[in-house]
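K.L.:
Can you keep this structure in mind? I'll have questions shortly.
The values are calculated or read from the model by the stated rules, or taken from the named source; none is laboratory data. None of the values given here were measured: they were computed from a predicted structure. Neighbour counts are summed over all protein chains in view; Cβ atoms, including those assigned to glycine, are modelled from backbone coordinates with ideal geometry. Areas reflect the complete protein model, heavy atoms only, side chains present, ligands, DNA and RNA absent. Shrake-Rupley method; radii C 1.70, N 1.55, O 1.52, S 1.80 Å.
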Amino acid sequence: MSDVYAEPTTGAVPTDPATLARYTTLRLGGPAGRLETATSAEEIVQKVRDAEMREDPVLVLAGGSNVVIGDRGFPGTVVLVRSRGFRVIAEDADTVTVRVEAGEPWDDLVAATLKRGWSGLECLSGVPGSAGATPIQNVGAYGQEVAETITGVQAYDRTHREVVHIPAADCGFAYRGSIFKYSDRWVVLSVDFRLARSPLSGPVRYAELARALGVEVGDRVPLADARATVLRLRAGKGMVLDADDPDTWSVGSFFTNPVLERAAYELLRERAADLGEPPSWPGAGDVVKVSAAWLIDRAGYGKGHPGLEGVAISSKHTLALTNRSGTASTAALVALAREIRDGVHDRFGVTLHPEPVLINCTI
Ligand SMILES: Cc1cc2nc3c(=O)[nH]c(=O)nc-3n(C[C@H](O)[C@H](O)[C@H](O)COP(=O)(O)OP(=O)(O)OC[C@H]3O[C@@H](n4cnc5c(N)ncnc54)[C@H](O)[C@@H]3O)c2cc1C
C-alpha cells in the first residue's frame, strides 16, 4: 500500500498531531479543533454526521495537495479521508468501469489501470492526492481531464443527509471546477471512471508531450510510454511529490490560467506588445485561455523569486509557490501570492485567481 499520505519527514515536522501542516503538501496550516480518520465510505459519513450532531464545522481533507490552510488552522472537525481500493462495476468488450474509493491514492490508481491495459488516465500520471478529490477541481494535465472518464460520483449530501449518485452530466465540470469546489454540501465517497480497453493512450493533445514522445499531436502511444514521459516531464518541473525536493512542497500550480473574453485578451496583447505574443489557447465560445506562468514571469516574478520566511516561487516552475524552508507561515505564502497577483494586475490588467482551496486564509 502506498504511503503517499505519510507525514513529512524532512523540513520542520510539527510535533502536535493535530497540526494540519502535517497533512498538507505545503506543510502549512495551524491546528485542527478535532482530527478524525475515516477508512471507509461508511466511516466518512459517520464522522461527518457525528460532527454535525456536535454542530461542529467540518473540513474534509485527503492528500492535502490542493489546500492552503491558515495559521490559525481549522476550529472544527477535520475528517482525514483514508478509504482505499477500487473494483470493476461494469464492463463490455471495449470498456471497463471502475468504482474507486475516495481515499485511494490517485497515482496508485493510474498505475494500476495502465498495468491492466485500461486507457484514459495516462496523462494524469503523477498528480498527487486522492481519487476522491479529482472531481472537485476536475483534475487535468497534459491535455487530459477527469471529466472525460468520470461517469458518476457517489457522495454524501449534507443538505439532505443522504448518500446519492451524481451522474457526470450533473457534476458541473469546467476548467479546474465543478459543483463540488467551494461547496460544503458534498462529501465524495467514491468515483466511477469508464476506461477503454486499449494498450494505447488516447490521442496525445499536448504539444510538449507529443514532442517529448517524438510523435505528432493526435497520435496514440503505448500506455507505459505515455506514463513514463509524463512522469519525466512533471519531475523536471517539480510537479511530482518528492519529500527531499523543496520545489515540490507546494500545491502545484498556485494560479489558474486566466480565461479572458476576446476584448480583454486584445487589451492584454496591447499591454504586452513589447514582450511578444502571450501564449494562449482558444476556449469554448469566444474566450481565450492565457498562460498564467507567462504573465507571472513577464511581470517580473521569475523562478526562485523569494518572499519572506523562506517561501519562494519554485526554482523549476513559475506557477508553483513553495514553502521551501519548511518553516514558513501561511501568512508569508499568501503574502507572496498577493504580491504576484497584484504585480500581474498592475502590469497586464489581468486578475489571477488561486487554484487551491483557501481555508481560513485569503489572498
Ligand atoms: C506537486 C503538485 C502537482 C500538482 N499537479 C496538478 C495537476 O497537474 N493537475 C491538477 O489538476 N492538480 C494538480 N495538483 C493539485 C492537487 O494534486 C489535485 O487538486 C488533487 O486532486 C488534490 O487531491 P487531495 O486529495 O490532495 O485533495 P485535498 O488537498 O485534501 O483537498 C482539496 C479540496 O478538495 C476537498 N476534498 C478532498 N477530498 C474530498 C472528498 N472526498 N469529498 C469532498 N471534498 C473533498 C477538500 O475539502 C479541499 O477543498 C498538484 C499538486 C501538487 C502538490
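K.L.:
Report the paramagnetic label zone for Asp244: residues of the stretch 304-334 whose backbone N is under 19 Å from a point 7 Å from Cα along the Cα-to-Cβ axis.
P.N.:
Flagged as within label range: 315-316, 324-326.
K.L.:
I'd like the per residue volume of the convex hull spanned by the Cα atoms of the stretch 260-323, given in cubic angstrom.
P.N.:
Expressed per residue, the convex hull around the Cα atoms of the stretch 260-323 is 95 Å³.
K.L.:
Output wanted: per-residue J couplings in Hz (rounded whole) for the stretch 245-250, from phi through Karplus 6.51 cos²θ - 1.76 cosθ + 1.60, θ = phi - 60°, x for Gly and Pro.
P.N.:
Once θ is set to phi - 60°, the couplings for the stretch 245-250 become 10, x, 5, 9, 7, 8 Hz.
K.L.:
When all alpha-carbon pairs of the stretch 159-301 are counted, what percent fall beyond 28 Å?
P.N.:
Of the Cα pairs, 42 percent sit more than 28 Å apart.
K.L.:
Out of every Cα pair in the stretch 226-273, what percent are spaced more than 14 Å from each other?
P.N.:
66
K.L.:
Would you mind giving the three semi-axes, in whole Å and largest first, of the ellipsoid equivalent to the stretch 92-177 according to its Cα gyration tensor?
P.N.:
The three semi-axes for the stretch 92-177 are 22, 15, 13 Å.
K.L.:
Treating only the Cβ atoms of Lys and Arg (+1) and Asp and Glu (-1) as charged, compute the dipole magnitude of the stretch 201-255 about its Cα centre; round to the nearest 20 debye.
P.N.:
Computed charge dipole of the stretch 201-255: roughly 220 debye.
K.L.:
Shifting gears a bit: Which FRET efficiency value, to the nearest 0.05, is calculated for Leu267 and Arg72 with the Förster distance at 51 angstrom and r the Cβ-Cβ distance?
P.N.:
With a Förster radius of 51 Å, E is 0.85.
K.L.:
Restricting everything to alpha-carbon atoms, can you work out Rg to Rh for the stretch 45-138 with a Kirkwood hydrodynamic radius?
P.N.:
1.07
K.L.:
Quick one: which residues, 5 or more positions from Ala320 or on another chain, have an amide H under 5 Å from its amide H? H modelled 1.01 Å from N in the peptide plane, none for Pro or chain starts.
P.N.:
Phe254, Ser314
K.L.:
Ignoring ligands, DNA and RNA, please state the percent of accessible area on the chain from carbon and sulfur, probe 1.4 Å.
P.N.:
Answer for the chain: carbon and sulfur cover 51 percent of the accessible area.
K.L.:
Taking every pair of alpha-carbon atoms in the stretch 224-363, what share in percent sits in each 10 Å bin, from 0 to the bin with the longest distance?
P.N.:
Answer for the stretch 224-363: a P(r) of 12, 39, 33, 16, 1 percent.
K.L.:
Counting alpha carbon pairs within less than 8 Å and at least 6 residues apart, what relative contact order, in whole percent, applies to the chain?
P.N.:
Relative contact order here is 16 percent.
K.L.:
Ordered by packing density, taken as the mean number of other Cβ atoms within 10 Å over each peptide's residues, highest first, how do 276-285, 44-53 rank?
P.N.:
For the peptides 276-285, 44-53, the packing ranking is 44-53, 276-285.
K.L.:
A further question follows. Residue by residue through the stretch 187-195, which ³J(HN,Hα) values in whole Hz follow from phi under the Karplus form 6.51 cos²θ - 1.76 cosθ + 1.60 (θ = phi - 60°), with glycine and proline marked x?
P.N.:
Each residue's phi maps through the Karplus curve to give 10, 6, 9, 7, 10, 9, 10, 9, 10 Hz.
K.L.:
Give, as a single signed number, the net charge of other residues whose beta carbon lies under 9 Å from the beta carbon of Asn138, with Lys and Arg counted +1 and Asp and Glu -1.
P.N.:
Charge balance in the 9 Å sphere: +1.
K.L.:
Excluding ligands, DNA and RNA, what is the solvent-accessible area per residue of the chain at a probe of 1.4 Å, expressed in Å²?
P.N.:
Result: 43 Å² per residue.
K.L.:
Using each residue's phi in the stretch 63-77, evaluate 6.51 cos²θ - 1.76 cosθ + 1.60 at θ = phi - 60° and report the 3J(HN,Hα) Karplus result to the nearest Hz, with x for Gly and Pro.
P.N.:
Ordered by residue, 3J(HN,Hα) equals x, x, 9, 9, 10, 10, 9, x, 5, 8, x, 10, x, x, 9 Hz.
K.L.:
Excluding ligands and nucleic acids, what accessible area in Å² is computed for Val58 using a 1.4 Å probe, to the nearest 10?
P.N.:
Near enough 10 Å² of accessible area.
K.L.:
Now for a separate question. Give, to the nearest whole percent, the P(r) tail of the chain beyond 30 angstrom, counting all Cα pairs.
P.N.:
Taking all Cα-Cα pairs of the chain, the fraction more than 30 Å apart is 38 percent.
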